[in-house]
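These notes concern the structure reproduced below.
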Amino acid sequence: MGVTQTHLFTAEQNELAQMAKAIAHPARIAILQHLVKTRSCINGDLVMEIGLAQATISQHLRELKDAGLIQGSIEGTRVNYCINPEKWTLLKALFQDFFESYDTCCGSNC
């Protein structure tokens, strides 16, 4: 697959695509839902909650953190994660704008 030519798209299109890619896995959705529900979490708790191996959870957390959707702090051997409120609000706004941009049907089959 070729390299995406991000320069052809707006900053908003690129950002929405990046965040959509980060949440495009059911395990990541489950992690985000758990973090929203608990308002914070320790990595080990996610292993018990989600049911995946520690290494797998860590990979998914890294993807979410790289996209900026979660933030974390290290306390000894524990890592606490939570939703990044600024990115969460941006994600919501970008998706809302995207879906609300459709207001009429363009074909005769509507």
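The values are calculated or read from the model by the stated rules, or taken from the named source; none is laboratory data. The structure presented is a predicted model; accordingly, all values stated were derived computationally and were not measured. For neighbour counting, all protein chains shown are included, and Cβ atoms are generated from backbone atoms with ideal geometry for every residue, glycine included.
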Next item on the list: Give the residues of the range 28-51 that are basic (Lys, Arg) and surrounded by 12 or more Cβ atoms within 10 Å (Cβ to Cβ), sorted by residue number.
Entry: ARG28
Margin query: If VAL36 satisfies all but one of (1) among the hydrophobic types (A, V, I, L, M, F, W, C); (2) without any contact (Cβ under 8 Å) to a residue 40 or more places away in the chain; (3) under 22 Å from LEU91 (Cα atoms), what's the number of the condition it fails?
Written below: (2)
Next item on the list: Within the range 18-35, identify whether any single residue is modelled with pLDDT under 95 and closer than 16 Å to ARG78 by Cα, and answer yes or no.
Entry: yes
Checklist line | Residues being buried (at least 16 other Cβ atoms within 10 Å of the Cβ) and in contact with a helix residue (DSSP H, G or I) (Cβ under 8 Å, 6 or more places away or on another chain) - total across the range 59-81 | finding: 11
Next item on the list: Just give me the residues in the range 39-64 being in contact (Cβ under 8 Å) with a residue 12 or more places away in the chain, part of a helix (DSSP H, G or I) and of a type outside the set (Ser, Thr, Tyr), in sequence order.
Entry: ASN43, GLY44, LEU46, GLU49, ILE50, ILE57, HIS60, LEU61, GLU63, LEU64
Next item on the list: Inspect all residues belonging to the range 1-8 and state whether any of them is within 11 Å of the chain's Cα centre (by Cα), more than 12 Å from ALA67 (Cβ to Cβ) and without any contact (Cβ under 8 Å) to a residue 60 or more places away in the chain.
Entry: no
Notebook entry, point to check: HIS25: surrounded by fewer than 17 Cβ atoms within 10 Å (Cβ to Cβ), farther than 19 Å from ALA11 by Cβ and in contact with an Asp or Glu (Cβ under 6 Å, 6 or more places away or on another chain), yes or no?
Noted result: no
Margin query: Quick check on my filter: what residues within the range 78-97 are of a type outside the set (A, V, I, L, M, F, W, C) and over 14 Å from CYS41 (Cα atoms)?
Written below: PRO85, GLU86, LYS87, THR89, LYS92, GLN96, ASP97
Check: Can you find even one residue in the range 71-83 that is assigned to a helix (DSSP H, G or I) and modelled with pLDDT of 90 or more?
Finding: no
Note to self: Going residue by residue through the range 95-107, is there one that turns out to be under 16 Å from the mean Cα position of the chain (by Cα) and not in a helix (DSSP H, G or I)?
What the structure shows: no
